Amino acid sequence: MEWFSTLSLALGSAWTSGINLYATVAMLGLLQKFGLAKLPGGLDTLDNWWIIGVAAGLYVIEFFADKFPYVDSVWDVVHTFIRVPAGAVVAYAATNQLDSSIVVPATLIGGGLAFASHGTKAAARIGANLSPEPVSNWVLSIVEDVIAFAGVLLAVFVPVAIAGVLILFALFFIWFSPKAYRALRRMFRAVGAFFRGEGFKDAAVR
């Protein structure tokens, strides 16, 4: 069942990459560095202190960027083009020593999971930014970080549990995807208006 553990870790890490890529990379690297886990495939390269340090530094920047309304949505727009391909790369790196019949689907599904989790996160954020309650940004940010860290731990140590989480998330996303699409469209429109000097909230509600 080693292939199942590797696949679960690959897809679980791809999923958490869509939520918080830098927390995922730093956590995996630290687990490997301190001998708490033996990462499969090419993921063992993450134990490099330079990689861990860069990921941790970017995580700190994201930690604060995530706390400010509108700044978090701009950050999410930029990271649409980072988290999604990174999720696919993580899935590929974890499975690249398995049979190609597993590697290719895992890479595609990993990218899809990263897109789905990123889209869900971004949709929740645009909803929070339109809310009059500013505390919701802080709550969402902390919850997202907890999910990312817990997801990595489950992916590494409890593959059956992360597989169950991914199945439940996939079912949820099938129902939520139309809402996520509309929210992402509003987010891109609002961020474009923001950079043009127009009102972020007015563009987001249109």
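The values are calculated or read from the model by the stated rules, or taken from the named source; none is laboratory data. Because the structure is predicted, anything quoted here is derived from the model rather than measured. Note that we place each Cβ from the backbone using ideal geometry, even for glycine, and neighbour counts take in every protein chain shown.
Does Gly110 satisfy the criteria of being touching a residue at least 24 places away in the same chain (Cβ under 8 Å), in a helix (DSSP H, G or I) and under 15 Å from Thr6 (Cβ atoms)? Here the answer is yes, as Gly110 does meet what is asked. A Cβ distance below 8 Å, combined with a sequence gap of six or more or placement on separate chains, defines the contacts here; from the stretch 160-189, residues that are in a helix (DSSP H, G or I) reach residues that are among the charged types (D, E, K, R) and modelled with pLDDT under 85 in the pairs Arg186/Arg206; Met187/Arg125; Arg189/Arg206. Can you confirm whether Leu30 is over 20 Å from Ser141 (Cα atoms), crowded, with 22+ Cβ neighbours inside 10 Å and not aromatic (Phe, Trp, Tyr)? Considered against the rule, which asks whether it is over 20 Å from Ser141 (Cα atoms), crowded, with 22+ Cβ neighbours inside 10 Å and not aromatic (Phe, Trp, Tyr), Leu30 comes out as no.
Restricting attention to the stretch 107-123, the residues being more than 18 Å from Leu168 (Cα to Cα) and surrounded by fewer than 24 Cβ atoms within 10 Å (Cβ to Cβ) number 3.
Scanning the stretch 45-54 for residues that are out of contact with any Ser or Thr (no Cβ under 9 Å at 6 or more places or on another chain) and either farther than 9 Å from Ala93 by Cβ or not in a helix (DSSP H, G or I) (or both) gives Asp47, Asn48, Trp49, Trp50, Ile52, Gly53, Val54.
Suppose the filter is of a type in the set (Val, Ile, Thr), surrounded by fewer than 22 Cβ atoms within 10 Å (Cβ to Cβ) and either more than 27 Å from Leu46 (Cα to Cα) or over 16 Å from the mean Cα position of the chain (by Cα) (or both); does Val158 pass it? Yes, satisfied. Would you be able to say whether some residue in the stretch 40-47 is small (Gly, Ala, Ser), within 27 Å of Phe4 (Cβ to Cβ) and at pLDDT 90 or above? Within the stretch 40-47, one or more residues are small (Gly, Ala, Ser), within 27 Å of Phe4 (Cβ to Cβ) and at pLDDT 90 or above. Which of the residues spanning the stretch 65-106 are surrounded by 20 or more Cβ atoms within 10 Å (Cβ to Cβ) and among the hydroxyl-bearing types (Ser, Thr, Tyr)? Within the stretch 65-106, Ser73, Tyr92, Thr95 qualify. Where residues in the stretch 37-60 are out of contact with any helix residue (DSSP H, G or I) (no Cβ under 8 Å at 6 or more places or on another chain) and among the hydrophobic types (A, V, I, L, M, F, W, C), which of them is surrounded by the fewest Cβ atoms within 10 Å (Cβ to Cβ)? By that ranking, first place goes to Trp50.
Can you tell me which residue among Ile19, Ile82, Ile51 is touching a residue at least 12 places away in the same chain (Cβ under 8 Å), farther than 24 Å from Phe188 by Cβ and of a type in the set (Val, Ile, Thr)?
Exactly one of Ile19, Ile82, Ile51 is touching a residue at least 12 places away in the same chain (Cβ under 8 Å), farther than 24 Å from Phe188 by Cβ and of a type in the set (Val, Ile, Thr), namely Ile51.
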